[in-house]
Structure formats: structure tokens, C-alpha cells
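The values are calculated or read from the model by the stated rules, or taken from the named source; none is laboratory data. Quantities reported herein were computed from a predicted structural model and do not represent experimental measurements. Counting neighbours? That spans all protein chains shown, and the Cβs are built from the backbone with ideal geometry, glycine included.
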Amino acid sequence: MANSTFSGPVRSQNGFQTVSIDPNTGAVTTTSTLGVTTSVTNLTATNLVFTDQNHPTTAAINATATATAAEVATGYITSTSAAATTITLPTGTDLGTAIGATKGTVLDLYIDNTGGASTVTIAVATNGILSTAAADTPGSFGDLTVASGVTGLARFTIMFSSATAYVFTRTA
């Protein structure tokens, strides 16, 4: 079949499929399906990995602790602690290994302290450094505390400079 180019939107009521055809046997294999319930969990383009923002799994850290790489890899951590809590991020090596990071991998980390009664503070570990923006503007990009209550949401971006080292910035 020839390639088709459309100038308007392409619509389907039953989804879309990408297939490959084995040149020797002619067997057709579906390589991807896009439908109503499709969720993109990892999209790789030019060494950037974008993760699903729906966060089907989350982690709860309700006391001062070092977050595991698996907890951070969920992209969403909640805290409902009544006491001030410090969450230390895992080392760059541990987190990089857990998510298969390479230079250019980006992970957004949301901290939800809306159910907490005290602040949550984020700390970076070995092979994790604050970005230049965070160091230059500590009151915004470098604000590592998350208030409790209705304003207790924050987004941080973790950008890998190698498979084992990341730069950390508050982005919301």
C-alpha cells in the first residue's frame, strides 16, 4: 500500500494499529495499538524519555527517609505526616539504574503534601546536584520545601547528565 498524506485530522472509531510484515513468511505482527484506553508509558526520542503523567502507581513517604529508586520512579510521592519530613532522593546510580536512564533522560517528580500537617523538604543525594537555576534562584527553582494543605503540591524535574548523575530543579 502506498503512503498517504492528510491535511486534516485522521479519525477512527476503532483505534489505529502499527504492523510489521515478515519479508520471508508474510506474517503480520501488530507492533502497537492506539485506542481509547491507550496510555504511553515511555516515549524515547533523541535520548529523552518522557514518562506517563497519569501515575497509575504512587509512593507514600510519611516520615523522614531516603526514598527508594522505585518510589521516585513512580513520579508521584504523597506525604500525610503531622511532623516535618525530609525525603532524601536516591543516588544518581540507583535512580538511573531503576529507570534505565541515559544522558538526556528526564523524569518529573510530583510531591503531594495536601494531606500532611507539616512541611516536606526534599534533599538530593550522591550524584544528584541542584541545577544552576536552583542555585541562582533558591526562592523558586531551588525551593525544596513543600507546604502542607491545599497548596502542598510541587513538581520537580530530574534531568540526567549521564546514566548515573542527575540535576534537580523545582519546576512548579
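Using the structure shown, decide if residue 129 is under 15 Å from residue 155 (Cα atoms), among the β-branched types (Val, Ile, Thr) and either at pLDDT 95 or above or surrounded by 15 or more Cβ atoms within 10 Å (Cβ to Cβ) (or both). It would help to see each step written out before you state the result.
Details: under 15 Å from residue 155 (Cα atoms): no; among the β-branched types (Val, Ile, Thr): yes; either at pLDDT 95 or above or surrounded by 15 or more Cβ atoms within 10 Å (Cβ to Cβ) (or both): yes.
Taking the combined requirement at face value, the residue does not satisfy it.
The set of residues from segment 110-143 being without any contact (Cβ under 8 Å) to a residue 12 or more places away in the chain and assigned to a loop (DSSP other than H, G, I, E, B) comprises 137, 138, 139. All of (1) modelled with pLDDT of 95 or more; (2) surrounded by fewer than 17 Cβ atoms within 10 Å (Cβ to Cβ); (3) closer than 20 Å to residue 59 by Cα; (4) of a type outside the set (A, V, I, L, M, F, W, C) hold for residue 162 with one exception: (3). For the condition over 17 Å from residue 148 (Cβ atoms), touching a His at 6+ places or on another chain (Cβ under 9 Å), at pLDDT below 95 and of a type in the set (S, T, N, Q), residue 102 does not qualify. A single member of 95, 107 is under 15 Å from the mean Cα position of the chain (by Cα), crowded, with 18+ Cβ neighbours inside 10 Å, more than 15 Å from residue 78 (Cβ to Cβ) and in contact (Cβ under 8 Å) with a residue 60 or more places away in the chain, and it is 95.
So that you can scan it fast, the table gives a plain yes or no per residue for (1) in a loop (DSSP other than H, G, I, E, B); (2) more than 18 Å from residue 121 (Cβ to Cβ); (3) in contact with a Phe, Trp or Tyr (Cβ under 7 Å, 6 or more places away or on another chain); (4) at pLDDT below 90:
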| site | (1), (2), (3), (4) |
| --- | --- |
| 18 | no, yes, no, yes |
| 26 | yes, yes, no, yes |
| 36 | yes, yes, no, yes |
| 39 | yes, yes, no, yes |
| 44 | no, yes, no, yes |
| 63 | yes, no, no, no |
| 70 | no, yes, no, no |
| 82 | yes, no, no, no |
| 98 | no, yes, no, no |
